[in-house]
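Visitor: Below you'll find the structure I mean.
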Amino acid sequence: MNLAPLLEKKQVHVCVPCRIDFGGTLDISTFYLPLAHLKPATLNLALDMRTHVYLSPGQPGRIKISSRGFDTIDRSRDDRGWDSPMGLMFAVFQYFNAHGVHLHIESQSPVRSALGGSSCAAVAIIAAVYTALEKQINPEHITWLAHYLEGAVAGVLCGVQDQAAAAFGGVNLWEWRFGHKGPGFERCPVFDSYDKMEKLTPHFLVAYGGVPHESSEVNSRWVNEFKSGRAYDAFEQISGLTRQFTTALAAFSFKKAGQLMNQETALRCEMTPDVLDNTGIMLWEAAKAQGCGARFTGAGGGGCLWAIGEKAEIDKLNTQWRKILDPIDGAMVLDTAIDPNGILIH
């Protein structure tokens, strides 16, 4: 399908949010199917650091992809292979049999920061292609399509929370289940208005430690430890902590939420000590000392941490985190807030 004639009439611009989370890994079928009796769930909060994708007409028979932090790739539609850093993006176009397109990606979050960036891009590209084709945007369909394409390219089981947050936005508890014909989820919004979501902003921090994350190695160890039975009890506890944390968050009980967050982080560190790098450990210890909670985002191993607590304690922690991160190249406390929206078509 040559997209160039459609894009010559109207170029497409789509953007989606990234996320911070609690109870990740439970969105992988290896975990949520054996734990189905617990109704395993993941909480995530969409952030306003959006990934923007732009589709413009390209040369027929070719696909061009450009993005900040990556080399531009221009290849024939007949070229095979998806093992490059842009492999997932090419796989999306392969699914649609699309060519004659130049895709440009701009992300407002740091590259490989464990905020779900690659999944965000896949969701946005799928929505952009549907927009170019004048098809209806169905967030749930796009979530699952992006999820399965990412798993196919990675060659391993992947979670689905990143795609869900990107497609829907807001603050949600996602219950993972198996439906009549395949896997599914129930979206449970934690707040019933944006005003309530906005009240969270003074109570959380997100920081990038300056080191890109490597989630696949950490995730594979969690999968193997769970399959062996050694980590089964830990993930049962994480399932319970996720629901308790969601309840505390909904009640604006930030001190309690911080305590629960530290319990979950401690469980993860016991299973995989390198889920926090040296900077992450310093940030976590500083959070605990201030009476706040902190945890890695995604599967850790670098990338971002986020913290939650009472406003006065978060303000103090903000200062401490900036002092810790100041000497580290590329590290920073991120300027961000909750994003109530998912897929936006411009």
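The values are calculated or read from the model by the stated rules, or taken from the named source; none is laboratory data. The structure displayed is predicted, hence computed values, not measured ones. Positions of Cβ are backbone-derived with ideal geometry, glycine not excepted, and every protein chain shown enters the neighbour counts.
Visitor: Out of all the residues in region 106-135, which are surrounded by fewer than 22 Cβ atoms within 10 Å (Cβ to Cβ) and either more than 15 Å from the chain's Cα centre (by Cα) or outside the structural domain of residue 76 (by the TED database) (or both)?
Guide: If the condition is that a residue be surrounded by fewer than 22 Cβ atoms within 10 Å (Cβ to Cβ) and either more than 15 Å from the chain's Cα centre (by Cα) or outside the structural domain of residue 76 (by the TED database) (or both), then 106, 130, 131, 132, 133, 134, 135 are the ones that fit.
Visitor: So residue 138 fits all but one of (1) modelled with pLDDT of 95 or more; (2) surrounded by 15 or more Cβ atoms within 10 Å (Cβ to Cβ); (3) over 19 Å from residue 19 (Cα atoms); what number is the exception?
Guide: Evaluating residue 138 over (1) modelled with pLDDT of 95 or more; (2) surrounded by 15 or more Cβ atoms within 10 Å (Cβ to Cβ); (3) over 19 Å from residue 19 (Cα atoms) leaves (2) as the failure.
Visitor: Has region 74-89 got any residue that is in the same structural domain as residue 158 (by the TED database), of a type in the set (Gly, Ala, Ser), farther than 20 Å from residue 343 by Cα and touching a residue at least 40 places away in the same chain (Cβ under 8 Å)?
Guide: Yes, region 74-89 contains a residue that is in the same structural domain as residue 158 (by the TED database), of a type in the set (Gly, Ala, Ser), farther than 20 Å from residue 343 by Cα and touching a residue at least 40 places away in the same chain (Cβ under 8 Å).
Visitor: For region 188-214, what are the residues that are of a type in the set (D, E, K, R), farther than 25 Å from residue 52 by Cα and touching a residue at least 12 places away in the same chain (Cβ under 8 Å)?
Guide: 199
Visitor: I'd like to check which helices (runs of 4 or more DSSP H) are fully inside region 154-243 and have at least 1 residues that are in contact with a helix residue (DSSP H, G or I) (Cβ under 8 Å, 6 or more places away or on another chain), of a type in the set (Val, Ile, Thr) and surrounded by fewer than 20 Cβ atoms within 10 Å (Cβ to Cβ).
Guide: 215-228
Visitor: Name the pairs whose Cβ atoms lie under 6 Å apart, with the first residue in region 159-187 and at negative phi, the second surrounded by fewer than 24 Cβ atoms within 10 Å (Cβ to Cβ) and among the polar types (S, T, N, Q), and 6 or more positions between them or separate chains?
Guide: 173/246
Visitor: Yes or no: residue 121 in a helix (DSSP H, G or I) and among the aliphatic types (A, V, I, L, M)?
Guide: So residue 121 fits the description; yes.
Visitor: Can I ask one more? Restricting region 1-49 to residues that are among the basic types (Lys, Arg) and out of contact with any Lys or Arg (no Cβ under 9 Å at 6 or more places or on another chain), which is surrounded by the fewest Cβ atoms within 10 Å (Cβ to Cβ)?
Guide: If we take residues in region 1-49 being among the basic types (Lys, Arg) and out of contact with any Lys or Arg (no Cβ under 9 Å at 6 or more places or on another chain), then 9 is surrounded by the fewest Cβ atoms within 10 Å (Cβ to Cβ).
Visitor: Got at least one residue in region 125-140 being in contact (Cβ under 8 Å) with a residue 40 or more places away in the chain, in contact with a His (Cβ under 8 Å, 6 or more places away or on another chain) and polar (S, T, N, Q)?
Guide: No, that holds for no residue.
Visitor: Tell me which residues, restricted to region 297-313, are more than 14 Å from residue 334 (Cβ to Cβ) and under 24 Å from the mean Cα position of the chain (by Cα).
Guide: Once the filter is applied, which keeps residues that are more than 14 Å from residue 334 (Cβ to Cβ) and under 24 Å from the mean Cα position of the chain (by Cα), region 297-313 yields 298, 299, 300, 301, 302, 308, 309.
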